[in-house]
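The values are calculated or read from the model by the stated rules, or taken from the named source; none is laboratory data. These numbers were taken from a predicted model, which means no experiment stands behind them. A quick note on method: Cβ atoms are made from the backbone with ideal geometry, for glycine too, and the neighbour counts reach across all protein chains shown. For the accessible areas, the whole protein counts, side chains as well, though only heavy atoms, and no ligand, DNA or RNA atoms are used. Shrake-Rupley method; radii C 1.70, N 1.55, O 1.52, S 1.80 Å.
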Amino acid sequence: MTHDHDPVLRPTTAQTEAALNPPPGRNGGDLVVETLAGLGATTVFGLPGQHALGMFDALRRSDLRYVGLRVENNAGFAADAYGRITGEAAPLLLSTGPGALTALAALQEAAAASAPVLAISSQIPTAGLGGGRHGYLHELPDQAASFRGVVKSVHTVRTQSQIPSAIAEAWRSALTVPHGPVWVEIPQDVLLARTSLPVVTAVDATPEEVPPRPELTAVAAELLSRAARPAIIAGGGVVRADASGKLVRLAEKLNAPVVTTFGGKGAFPWQHPLSLQSWLEDRHTTDFLEDADVLLVVGSGLGELSSNYHTFKPRGRVVQIEADLGKLESNHPALGIHADARLALQALLETVSERPDDTAPERVRALLSRVSDRIAAQELALEQDVLASVRRALPADSPSFWDMTILAYWAWSAFDPQSANTMHSAQGAGGLGYGFPAALGAAAADPTRPVLAVSGDGGALYSIAELATARQYGLNVTWLIVDDGGYGILREYMTDAFGQTTATELTRPDYVALAESFGVPGVRTTAGTLETDLAKALAEPGPSVVVLPAVLRMFAPTHLD
């Protein structure tokens, strides 16, 4: 309700004059890019298409930096990584129908990983909306229906005056925890039509906070303070909330061992005396967590990978802090606290009591020793050496992006990220082709650090076209391709399950020659020279490719026992 005494911001004379006399030659696309700039966006990703040309024409009249990829799905992966690295909503500009649908897998990954992506797609002309069959190019009966089950929110625009508010609402949705992808679609004719609307300037789209309920954090603090064997599972929500420091202080105050999920890599220091690292696929870790009398789960839904494939059965009391309401108590009964991890951890820090426990570090060391002994008994020296070489070659503050490949599966459990928000993978949705285009998005976000992408040869074939993107924009990404001649993990799965494989073997190109054909330096390495070759490639500015021909094996699973 507005009252007479409410303050009203009145435009200046100059602002009024500018609004009454907007610059000529603008169209609906200008309203899109002006709104993005007003929201604080600086970089957009995408791929042009016939229906979206109004937006792309407007880009040249703006200060927004455009990074164009060669496949819409890869553009989505790049926007996903940009959002993960910066914490900002990454605009993704797409065309109608096939262009939009090609980005679906990337948006699913962004949703699973809570990456803020603002996808803006064109639509068929306004006259064709409503589900009729008009025969427009790219026409779908209901384009938005294809995205409603994937993204956080859908916003359909029908007039130019709706554009700024729709994009602002979508921006707020993307950045309200849990972060995630959102969908805006604008008809072709609305984007192309000339506009006399004033230039869009500053736009307010402040995301909503999700604070914890104090009566719940009071109960949680009491449980943790009185616990005999507390433990903590830290998920990706801790990383996204930039709450790693608060997690460390809470763990130290409680003397509670901490394990990070694969999405939460870096949420807790790897070498900390209370660090259980990330060995969630090991039964020894599962047993340790089951033995906790109070288990604090922060920023994780305890899904398949975080629960050792749903074999984890906690015996103690579970306290779960989760920003995604749908994940709260979805797998285990708990004291559920719907909140942003940072705000909830701060509330606990202020209310828990110091809990002395000299035994916790020794119990952690014993657990890690049992895990190490189990892996050592499997004769997997090559795999461990390769992963160690990657770690030594990669600068401590450099981001890495891992495709769905055997080396990445090792990295989920065994790789020390050395700092928060530096290790990312596609383990949320699990689609192939994530690593390299995502690394390009991270390099666009921060060109001062080299970025590593890791793929198998199967996943690499999804992304070869983006070597052209890397070369065109001079993006500082080194791409490590582990070439084992097929879909290596599926080869293992099928051999274990059926005794033989089907459809796992691949004819593949000479990746070094292929990279060089794009003007990207390439080198073929060995396990013995990997560290040197990878470090050299990472030290050189611009894109590069390092190919390691090797057949790697996974460590034995424990969830099948």
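Look at Leu274 and say whether it is modelled with pLDDT of 95 or more and within 25 Å of the chain's Cα centre (by Cα).
Answer is no for this residue.
Within region 285-319, take every residue that is at positive phi and of a type outside the set (S, T, N, Q) and give me the one that is modelled with the highest pLDDT.
Looking at residues that are at positive phi and of a type outside the set (S, T, N, Q), I get Gly299.
Out of the residues in region 524-548 meeting the condition of being outside any loop (DSSP other than H, G, I, E, B), open to solvent by 50 Å² or more (accessible area, probe 1.4 Å) and not polar (S, T, N, Q), tell me which one is farthest from Pro447 (Cα to Cα).
Arg524
Conditions (1) without any contact (Cβ under 8 Å) to a residue 40 or more places away in the chain; (2) not hydrophobic (A, V, I, L, M, F, W, C), marked per residue:
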site: Ile464; (1), (2): no, no
site: Arg471; (1), (2): no, yes
site: Leu475; (1), (2): no, no
site: Leu480; (1), (2): no, no
site: Gly486; (1), (2): yes, yes
site: Tyr493; (1), (2): yes, yes
site: Ala497; (1), (2): yes, no
site: Ala503; (1), (2): yes, no
site: Ser517; (1), (2): yes, yes
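Kindly provide the set of residues from region 531-560 that are of a type in the set (A, V, I, L, M), closer than 19 Å to Tyr409 by Cα and at pLDDT 95 or above, ordered by number.
If the condition is that a residue be of a type in the set (A, V, I, L, M), closer than 19 Å to Tyr409 by Cα and at pLDDT 95 or above, then Val547, Leu548, Ala550, Val551, Leu552 are the ones that fit.
Within the set of pairs 6 or more residues apart or between chains, which connect a residue that is open to solvent by less than 10 Å² (accessible area, probe 1.4 Å) inside region 426-443 to a residue that is aliphatic (A, V, I, L, M) and in a loop (DSSP other than H, G, I, E, B) with Cβ atoms less than 6 Å apart?
That search, which allows pairs on different chains as well, returns Ala426/Met404; Tyr434/Ala426; Leu440/Leu475; Ala443/Leu475.
Within region 166-177, can one find any residue that is part of a strand (DSSP E or B) and over 17 Å from Leu92 (Cβ atoms)?
Checked region 166-177: no residue is part of a strand (DSSP E or B) and over 17 Å from Leu92 (Cβ atoms).
Only one residue in Ser353, Ser369, Ser330, Ser413 is under 24 Å from Phe288 (Cβ atoms), modelled with pLDDT under 95 and not acidic (Asp, Glu). Which one?
Of the residues listed, the single one that is under 24 Å from Phe288 (Cβ atoms), modelled with pLDDT under 95 and not acidic (Asp, Glu) is Ser330.
Looking at (1) more than 24 Å from Leu325 (Cβ to Cβ); (2) open to solvent by less than 10 Å² (accessible area, probe 1.4 Å); (3) not aliphatic (A, V, I, L, M), which is the only condition Tyr136 fails?
(2)
With region 54-125 as the region, which helices (runs of 4 or more DSSP H) entirely inside it contain at least 1 residues that are at pLDDT 95 or above, open to solvent by 20 Å² or more (accessible area, probe 1.4 Å) and among the hydroxyl-bearing types (Ser, Thr, Tyr)?
Fully inside region 54-125 and qualifying: 72-86, 98-102.
Determine whether region 155-167 contains at least one residue that is surrounded by 20 or more Cβ atoms within 10 Å (Cβ to Cβ), under 16 Å from Pro116 (Cβ atoms) and touching a residue at least 60 places away in the same chain (Cβ under 8 Å).
yes
Please specify each residue of region 458-488 satisfying the condition of being over 18 Å from Ala442 (Cα atoms) and part of a loop (DSSP other than H, G, I, E, B).
Leu461, Tyr462, Asp484, Gly485, Tyr487
I'd like to verify a number: residues in region 489-513 that are charged (D, E, K, R), under 14 Å from Ala556 (Cα atoms) and either in a loop (DSSP other than H, G, I, E, B) or open to solvent by 100 Å² or more (accessible area, probe 1.4 Å) (or both), how many?
Matching residues across region 489-513 total 1.
Filter region 504-561 down to the residues that are within 20 Å of Ile489 (Cβ to Cβ), charged (D, E, K, R) and under 28 Å from the mean Cα position of the chain (by Cα) and list them by number.
The answer is Arg553, and nothing else.
Quick grid of which residues meet (1) of a type in the set (Gly, Ala, Ser); (2) more than 14 Å from the chain's Cα centre (by Cα):
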position	(1), (2)
Ala414	yes, yes
Gly441	yes, no
Leu452	no, yes
Glu466	no, yes
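Starting from residues that are part of a helix (DSSP H, G or I) and open to solvent by 60 Å² or more (accessible area, probe 1.4 Å), keep the ones in region 347-368 and report whichever is nearest to Leu223 (Cα to Cα).
Applying the filter and picking the extreme gives Thr351.
List pairs: first residue in region 240-251 and buried (at least 23 other Cβ atoms within 10 Å of the Cβ), second residue charged (D, E, K, R) anywhere in the structure, Cβ distance under 8 angstrom, at least six positions apart or on different chains.
If the second residue must be charged (D, E, K, R), the pairs left are Arg240/Arg84; Ala241/Asp340; Ala241/Arg342; Ala243/Arg342.
Return the residue satisfying two criteria in turn: it lies in region 178-228 and is part of a loop (DSSP other than H, G, I, E, B) and polar (S, T, N, Q), and of such residues it is surrounded by the most Cβ atoms within 10 Å (Cβ to Cβ).
Thr195
Among the residues of region 168-214, write down those that are of a type in the set (Ser, Thr, Tyr) and free of Cβ contacts under 8 Å to residues at least 40 places away in the same chain.
Ser173, Thr176, Thr206
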